Amino acid sequence: MKKTINELQEIVIAYSERFTRISESDFVNRPAPEKWSKKEVVGHLIDSAQSNLRRFVVAQYEANPKITYDQNFWVTSNDYQHQPSTDVIQLWKLLNLQICAVLKSMSVENYTRTADTGKQSVQLHTLEWLAEDYVKHLKHHINQIIPASFNITYP
């Protein structure tokens, strides 16, 4: 888990700064009407961070909590497209640093505790697996914001 935490922290520090260098016009541009802008992709990463932060905390004291989310609804509801870009980037950074703090303070015994991420059926994952998958998911979406940032294939 230590490797995952360190990797997440390094990504957050580096990319929160890199995101600020994206021009506002590029950050808010939607490649197609039904596609998210780069700003909305960061917003999606905020929503993912919130859901995962909840999983990392709640699964330590509750058996198999069911924590899911509807990504399109969350992005639309939070209206990231019309929020100040600096606020969106800062919120993403702070939520991810909080995830690092929670993972650092988590006892090793809790790594194998599980959370249910399934929408229609039960999908139990260990907290360790969720942390590793979270970083892969993050890299996948950062590649959408700043292409070729990471060499990764993510479903």
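A few comments on the model shown:
- The GluC sites (Glu not before Pro) of the stretch 1-48 that meet both conditions, a loop assignment by DSSP and at most 12 other Cβ atoms within 10 Å of the site Cβ, are E34.
- Applying the criteria of a DSSP loop state and at most 15 other Cβ atoms within 10 Å to the chymotrypsin sites (Phe, Trp or Tyr not before Pro) of the stretch 1-54 yields no site.
- The chain: angle of helix 85-105 to the longest principal axis, Cα-based, in degrees nearest 10: 20 degrees
- Label-to-label distance, nm, for residues given as V108 and K136 (7 Å Cα→Cβ offset): 2.4 nm
- Calculated [θ] (222 nm, deg cm²/dmol) that DSSP helices of n ≥ 4 give over the chain, each run adding -39,500 (n - 2.57): -20000 deg cm²/dmol
- Ordered by 1.4 Å accessible area with all protein chains kept, T68, T114, T20 run largest first as T20, T68, T114.
- Accessible surface area normalised per residue over the chain is 54 Å², counting heavy atoms of protein chains with a 1.4 Å rolling probe.
- Placing a label point 7 Å from the Cα of E24 along the Cα-to-Cβ direction, the residues of the stretch 52-95 with a backbone N closer than 13 Å are 82-87.
- Computed with a 1.4 Å probe on the full set of protein chains, the accessible area for H82 sits at about 140 Å².
- Within the accessible area of the chain (1.4 Å probe), percent carbon and sulfur: 50 percent
- Inter-part distance, the stretch 1-56 to the stretch 100-130, computed on C-alpha centroids, equals 21 Å.
- Stretch in the chain that is longest and holds no trypsin sites (Lys or Arg not before Pro) that DSSP places in a loop and that have at most 16 other beta carbons within 10 Å: 36-118
- Enclosing the Cα atoms of the chain in their convex hull gives a volume equal to 113 cubic angstrom per residue.
The values are calculated or read from the model by the stated rules, or taken from the named source; none is laboratory data. Since this is a predicted model, take the numbers as computed values, not measurements. For neighbour counting, all protein chains shown are included, and Cβ atoms are generated from backbone atoms with ideal geometry for every residue, glycine included. What goes into the accessible areas is simple: the full protein's heavy atoms, side chains included, and nothing from ligands, DNA or RNA. Shrake-Rupley method; radii C 1.70, N 1.55, O 1.52, S 1.80 Å.
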